[in-house]
Every structure is written in C-alpha cells, then in structure tokens.
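Remarks on the structure that follows.
The values are calculated or read from the model by the stated rules, or taken from the named source; none is laboratory data. Keep in mind it's a predicted model, so treat the numbers as computed, not measured. Cβ coordinates were reconstructed from backbone atoms using ideal geometry, including for glycine residues, and neighbour counts include every protein chain displayed. What goes into the accessible areas is simple: the full protein's heavy atoms, side chains included, and nothing from ligands, DNA or RNA. Shrake-Rupley method; radii C 1.70, N 1.55, O 1.52, S 1.80 Å.
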Amino acid sequence: MALGELIAFAVGALRGHRLRTVLSVAGVAVGIAAVIALTALGEGARRYVVQEFSSLGSNLLIVLPGKVETTGMMPFGGTVHDLTIDDYKAVANRIPEVLRAAPLATGEETLRFGGKARSVPVIGTTRELVEVRRLRIGAGQFLPPGDPDRGGAEIVLGVKVAQELFGAESPLGRVVRLGEWRFRVVGVLEPRGRSLGFDFDDLVFVPVRTSMRIFNRSTLFRILVELPEDGDLEAGKEAVIDLLAERHRAEDVTVITQDAVVNTLDSILGVLTLALAAIASVSLTVAGVGIMNVMLVAVSERRHEIGLLKALGASTTQILAVFITEAAVLSTFGGLVGLGAGWAAIVAFVQVYPTFPAATPVWAVVASLVMSMVVGIFFGVVPARRAAHLDPVEALVGR
Amino acid sequence: MIALRDLWRTYHVGDSDVHAMRDVTLEIAKGDYLAVMGPSGSGKSTLLNILGCLDRPTSGSYTFNGRDVGEISDTDRTKLRQTEIGFVFQFFHLLPRLTAQGNVELPMLFAGVARAERRRRALDALEAVGLTDRVHHRPDQLSGGQCQRVAIARAVVMEPGLLLADEPTGNLDRAAAVEVMELLDAMNADGQTVVLVTHDPEVGARARSAVRMDDGEIVERR
C-alpha cells in the first residue's frame with residue numbers, strides 16, 4: 001500500500017469524526033504555536049541585542065579598570081590603579097593603531113531649569129565621543145574640542161531631557177543647573193534610543209574633567225577606543241594593554257572587544273531561545289497524549305472496521321500503518337495549523353511593537369513540523385498496535 | 001478443494017472447556033453451493049470463521065487447495081484471505097465514510113492493486129450486482145438490499161475461490177432477501193463456490209447441498 005493511499009485512507013477516516021479531529025488538531029496546534037511564538041520572541045531578543053551591539057562598530061575596544069580574570073595569587077597585593085584622564089590621553093595619542101578614543105565618566109545628578117527638575121544620568125566625555133559613537137547632533141553642537149583636562153561648563157542634552165525641561169522652546173544658550181553647578185546648553189542630540197546600556201535620549205553630556213569633579217571621582221568608568229575599520233583588533237588590544245600595563249606597572253585593566261561581547265550575548269540568548277522552545281515543547285507532549293487518547297477511542301469504536309479490514313486481507317503491518325498514519329496526519333496537520341497561528345501571533349506582535357525584530361528562525365519551523373509528526377507517530381504506536389492485534393472474530397461480532 | 005478432517009474448536013471459558021466444533025469432517029468441491037444450517041450457538045459461525053481463516057481449529061486438519069491451512073503462518077493466512085476468500089456478513093460491514101465504489105475497492109487497496117485498475121474492477125463488480133447507478137452513493141444512501149449487494153461485489157472483486165456468506169439475508173426484508181439470494185445463485189451458476197450460513201430453511205433450500213449442525217456437530221447432511 002503506497003504512502004499516498006495510506007494518507008488518503010487516513011484523511012477519509014479522520015473526516016468521519018470531524019469534532020474529534022478538530023479538537024486533537026487544536027491540541028497540537030496550540031503546542032506548535034507556542035513553540036513558534038516563543039522561539040520568535042527569543043530570536044527577536046537575540047537579534048535586538050546583537051544589532052544593538054553590532055551598531056557600536058566591530059572596530060571598537062572598551063577599556064575598563066580592573067582585571068576580571070582569575071590569575072592566582074597577585075604579586076604586590078594586586079592594587080588596581082585608577083584609569084585616569086592621563087591614561088586616556090596616552091591611549092589616544094601614543095598608540096599609532098588607535099584612530100581615536102573617548103573617555104567615559106558617569107554619575108547621576110539632578111538637572112534643573114526654571115521650576116522643573118529631573119534626575120539624569122551624566123556622562124563626562126570629550127568631543128571624540130561623537131565620532132566614536134556616531135552620535136548625531138540635532139541642534140547646536142557637541143562639547144567643544146580641546147584638552148580633556150579643561151573642565152568647561154558646557155552641557156549637551158539628550159532629546160528627551162530637552163523636551164521635558166524646555167518643551168517646544170530651544171534650550172540652546174540657556175543656563176541650567178546640574179546639582180550645585182551651572183552649565184550652558186550648547187547642543188541637543190538627535191533621537192538615538194538605547195545603546196551600551198544607556199538611553200541616549202535621556203542623559204546629558206558634560207566635559208570629562210568637570211564630571212569627575214562633580215562626582216568626586218578619580219577613575220574613569222570606561223575608555224572607548226576606535227581602531228581603523230581594517231585595523232588589526234588583536235594588535236590594537238595588545239598595544240592598549242601594554243601601554244596601560246607600563247603606566248600602571250601591572251596589567252590591571254580589562255579590554256573587551258565588541259566581537260567578544262556580541263558573541264557572548266549571542267550565545268546566551270541563543271540558549272534562552274532553545275530553553276523557551278523546550279518549555280513550549282511540554283505542551284506538545286500533552287497534545288501527544290491527547291492524540292493517543294483519541295486514537296485509542298477510535299480503535300475501540302472502529303473494531304468492526306478493523307475486523308473487516310483483516311477479513312478482507314489487510315495484514316497486521318498494514319493495519320499498524322493505517323493507524324500510525326492516521327495519528328501522524330492528525331498531528332502534522334495540527335503542526336501546520338499551529339505554524340500558521342504562531343506566525344499570525346508574531347505578525348500581530350510586530351504590529352504592536354515594530355522595533356522588536358521578532359522572527360521565527362527557520363530551524364524552529366522545520367523542527368516544530370518534524371516534532372509534530374514525530375509526536376503523532378510516537379503516541380500513535382500504542383493504539384495502532386492495539387488495532388493491529390485485535391482478534392478479527394471478536395472484532396466482527398455484532399452490528 | 002476444501003477438506004476438513006476431525007476438526008475440533010475448543011474455547012476455555014473459566015475452568016471448563018466449551019466445544020464450539022466437535023469432530024467435524026466436511027468436503028467442499030469446487031463449484032459447490034453448500035448451506036450450513038442450525039440454531040444459534042450450534043457452531044455454524046465458528047465453522048465459517050475457520051473456513052475463512054479468521055480462526056484456527058484446536059485440532060484436526062483443514063486443507064485448502066491441497067495446502068494444510070492449519071499449519072501456515074499468519075502472513076500466509078492473510079494472503080489467503082486476500083486472494084482466495086470473500087466474506088459477506090449479516091450486517092454488511094460497509095465503511096460508512098466510503099462510497100459503494102470505495103468499499104468495493106478496499107480489498108484491492110490492501111492487495112496493492114493500482115488505482116486505475118481498482119476503479120475499473122470495482123465498476124465491473126458493481127455492474128455485475130446491478131448497482132451501476134449507485135456507484136457514488138454512501139451506505140446511508142442505500143437500502144439494505146443494495147448494501148448487501150455492494151458487500152457481495154466487494155467479496156468477489158478479488159475473484160476468490162471461496163465465497164463465505166454469514167446470514168446474508170438475516171438483516172433484510174423479504175424482497176431484498178430474494179434479490180440477494182438470486183444474486184448468490186447466479187454467481188454459483190457461473191462456477192463460484194459458495195458456503196452459506198443461515199437458519200432460514202427457505203434460504204437453505206436454495207443451496208445444492210446442506211449440512212445441519214447442532215451443538216458443534218454435523219447431525220444431518222443433504
């Protein structure tokens with residue numbers, strides 16, 4: 001009996017019990033839809049984060065104070081030196097591989113204008129940040145260029161901060177208070193969104209020296225180092241580490257490349273997606289048990305049919321094949337319906353949250369179809385065996 | 001063609017043995033038309049099931065075309081049912097979801113006959129039972145007599161050596177019963193070997209020979 005004929009026979013039998021068929025198809029469909037929707041969300045999260053970090057540029061190094069490796073016993077007590085503005089200047093000017101660099105010093109302070117006040121994250125940096133982070137200035141300009149040790153009183157506002165404090169009015173040239181300090185607004189950023197863990201729309205920039213004075217810090221938070229596009233990332237990284245090791249007389253900084261961050265997040269979120277898929281698969285098992293139940297009922301209800309098929313010369317193997325095919329058709333059809341439903345859910349979700357790149361990965365589509373078929377076959381075996389081993393004489397008794 | 005010798009069929013019910021067939025010896029020649037008569041519980045259905053290879057005798061021998069059927073494997077018995085034996089049942093046992101044609105095609109489906117040939121042979125068989133105009137009707141759209149004629153078409157479509165009918169008229173009104181019996185008579189006249197189980201003496205009288213069973217034994221032969 002060819003597969004096509006088996007499937008046609010199975011479909012015929014399933015059409016004879018529409019309600020039951022619809023219900024077990026729905027069971028599998030819910031499971032598959034859950035797998036599809038959850039993996040799409042997980043995959044969306046992964047893409048979102050990877051995109052976000054890739055937009056930093058793959059030629060970026062991030063220098064942070066302290067060594068995050070375990071290296072056994074540290075000589076000389078292992079003092080961690082501050083990452084200073086002088087370190088920054090050395091990195092920016094004395095390493096030929098470095099295209100440009102920008103320091104970051106952070107804190108949080110209350111920004112006041114008129115009667116309004118708003119607590120904002122404050123980033124102390126230099127003019128170079130514009131190029132390093134590809135910032136766009138909406139109005140005015142960024143912090144003035146020049147010696148990073150010059151502690152000016154200029155401030156650049158994120159677009160949201162500007163709107164909250166000034167409304168439709170232009171903030172350029174106005175004087176605002178940041179804590180006890182007075183600043184003159186020189187620029188407003190274009191909308192940018194989140195990046196590097198900061199909401200660039202909701203923060204302010206001041207000269208790095210000024211911010212370290214305000215927050216009474218002696219160390220920078222980060223140094224961002226940009227290498228040429230075609231530059232050798234590893235060589236640049238070595239050069240930065242060597243220079244700072246020489247200045248600090250110990251290797252006490254950590255240099256992260258963009259690739260490393262992206263790869264780590266990529267794999268973490270990949271695992272998360274798999275975990276979501278696995279959780280969703282539990283509902284498939286439930287659907288499988290449902291199919292088994294339906295098929296067992298079908299076998300006892302169709303005793304006569306099974307007896308008849310045996311009397312007509314259907315072999316044990318053929319009866320087995322008929323019922324397993326029926327279960328597989330049931331669950332595969334459920335898989336297709338679930339695929340459609342999951343896909344529709346994702347389309348609807350993207351309508352609501354257009355920025356979230358939710359997308360079902362191809363492997364999830366293939367896997368859920370294969371899985372639904374396997375569920376049907378696996379849970380179809382027990383009822384099919386029962387059918388195949390029915391005694392035809394008993395099966396045919398009565399009406 | 002068929003020879004049953006010293007055949008017993010014993011069921012174990014609880015602690016006791018029930019003999020559904022006791023020491024039955026019977027020969028059926030090719031082209032025979034045999035009626036098996038007797039009250040219910042006399043063992044005639046058991047005899048039919050054994051003849052049809054649905055059941056195995058407890059002891060004794062059953063030869064079909066010279067082959068000892070009691071000894072062959074399940075696979076070979078399945079093959080024998082497929083090619084050499086046609087069944088007609090009291091309650092028709094048509095699949096309600098299939099058309100008359102679909103039901104007649106069933107045995108060929110499991111025998112692996114190609115689609116086009118299945119269709120041709122099913123239509124021929126339905127023509128032979130006078131149902132050319134009911135080919136695409138489902139059982140619930142057919143009368144009892146028509147259903148039984150579809151079942152007969154299904155039973156003979158594989159051109160079996162032996163046609164077994166278990167109370168073929170038991171569920172039909174008089175007119176339909178006569179129609180079905182005339183059909184079986186005609187098939188036998190064409191050389192088809194027919195074994196018929198019935199407790200209706202009128203039906204039994206149409207067969208060329210008859211045996212009467214009681215309590216598992218053949219008590220009378222005609």
Label-point separation (nm) for A:V80 and A:I137, each offset 7 Å from Cα along Cα-to-Cβ? 3.5
Round to the nearest 10 and give me the degree value, 0 to 90, for the angle of helix B:74-84's Cα axis relative to the longest principal axis of chain B. 50
Rounded to a whole %, the carbon-and-sulfur portion of the accessible area of the range A:82-249 at a 1.4 Å probe is 44
Centroid-to-centroid separation of the range A:78-137 and the range A:352-399 [C-alpha atoms, Å]: 58
Placing +1 on the Cβ of each Lys and Arg and -1 on the Cβ of each Asp and Glu in the range B:33-88, which of B:T58, B:V69, B:P39 has its Cα farthest towards the positive end of the resulting dipole? B:P39
So for chain B, averaging the separation of alpha carbon pairs under 8 Å that are six or more residues apart and normalising by length, what relative contact order in percent results? 30
Are there residues in the range A:356-399 whose accessible area shrinks by at least 20 Å² when all protein chains are included rather than the chain by itself, and which are they (probe 1.4 Å, ligands and nucleic acids not counted)? A:P392, A:V393, A:L396, A:G398, A:R399
In vacuum, with every alpha carbon of the protein assembly as shown counted as one equal point scatterer, what does the Debye formula give for log10 I(q)/I(0) at q = 0.08 Å⁻¹? Two decimals, please. -0.70
Run the dipole for the range A:285-399 about the Cα centre, Lys and Arg Cβ at +1, Asp and Glu Cβ at -1, nothing else charged, and hand back the magnitude in debye, nearest 20. 100
Which whole-number percent is the relative contact order of chain A (Cα, under 8 Å, 6+ apart)? 30
Efficiency of FRET from Cβ geometry, A:T254 and B:R138, R₀ 51 Å, rounded to 0.05: 0.05
Rg/Rh for the range A:248-309 to two decimals, with Rh computed the Kirkwood way over all alpha-carbon pairs. 1.60
Helix-only estimate, please: 222 nm mean residue ellipticity of chain A, summing -39500 (n - 2.57) across DSSP H runs of length 4 or more and dividing by its residues, to the nearest 500. -18500 deg cm²/dmol
Taking all pairs of different Cα atoms in the range A:82-249, averaging 1/r and flipping that mean, what Kirkwood radius in angstroms comes out? 16.4
So, by mean Cβ neighbours within 10 angstrom, what's the order for A:347-360, A:218-231 with the highest one leading? A:218-231, A:347-360
Can you list residues from other chains, or at least 5 along the same chain, whose modelled amide H is less than 5 Å from the amide H of A:T106? A:G124, A:F221
In Å³ per residue, the alpha-carbon convex hull of the range B:81-170 encloses 83
1.4 Å probe accessible area per residue over the protein assembly as shown, in Å²: 46
Could you tell me the calculated FRET efficiency between A:N93 and A:V374, based on Cβ-Cβ distance and R0 = 41 angstrom, to the nearest 0.05? 0.05
In Å and on Cα atoms, what radius of gyration and Dmax does the range B:6-75 show? 12.8, 42
Gap separating the Cα centres of the range A:159-173 and the range B:62-103, nearest whole Å: 90
Kindly express, to the nearest 10 degrees and within the range 0 to 90, the angle between helix A:3-15's C-alpha long axis and the longest C-alpha principal axis of chain A. 90
Roughly how far apart, in whole Å, are the Cα centres of the range B:1-18 and the range A:1-45? 48
Would you calculate a helix-derived [θ] at 222 nm for chain B, using -39,500 (n - 2.57) for each DSSP H run of n ≥ 4 and dividing by the full residue count, to the nearest 500? -11000 deg cm²/dmol
In degrees, nearest 10, range 0 to 90: what is the angle between the Cα axis of helix A:18-54 and the longest Cα principal axis of chain A? 20
Which whole number gives the average count of other chain Cβ atoms within 10 Å of the Cβ atoms across peptide B:105-112? 6
Using the beta-carbon distance between B:E159 and B:A3 and R0 = 22 Å, what value does 1/(1 + (r/R0)^6) give for FRET efficiency, to the nearest 0.05? 0.50
What's the buried accessible area, both sides, between A and B using a 1.4 Å probe, rounded to 100 Å²? 2100
Using the Cα centre as the reference, give the magnitude of the dipole from point charges on the C-beta atoms of the protein assembly as shown (Lys, Arg: +1; Asp, Glu: -1; all else neutral), rounded to the nearest 20 debye. 1480
Size of electric dipole in the range A:82-249: Cβ of Lys, Arg +1 and of Asp, Glu -1, about Cα centre, debye, nearest 20: 860
Can you tell which of A:S331, A:S300, A:S24 shows the greatest fluctuation in a Gaussian network model of chain A with Cα springs below 10 Å? A:S300
Any idea which of A:T317, A:V337, A:A364 is furthest toward the positive side of the dipole for chain A, if Lys and Arg beta-carbons carry +1 and Asp and Glu beta-carbons -1? A:V337
With every protein chain in place, the range B:101-183: carbon and sulfur % of accessible area (1.4 Å): 44
Looking at A:I346, A:L172, A:I123, which one has the Cα that reaches farthest to the positive end of the dipole of the protein assembly as shown (charges on Cβ: Lys, Arg +1; Asp, Glu -1)? A:L172
Partner lysines for A:K237 [C-alpha distance under 22 Å; skip if fewer than 8 residues away on the same chain]: A:K67, A:K89
For chain B, with a Gaussian network of springs between Cα atoms less than 10 Å apart, report the residue from B:P139, B:P201, B:P160 with the top mean-square fluctuation. B:P201
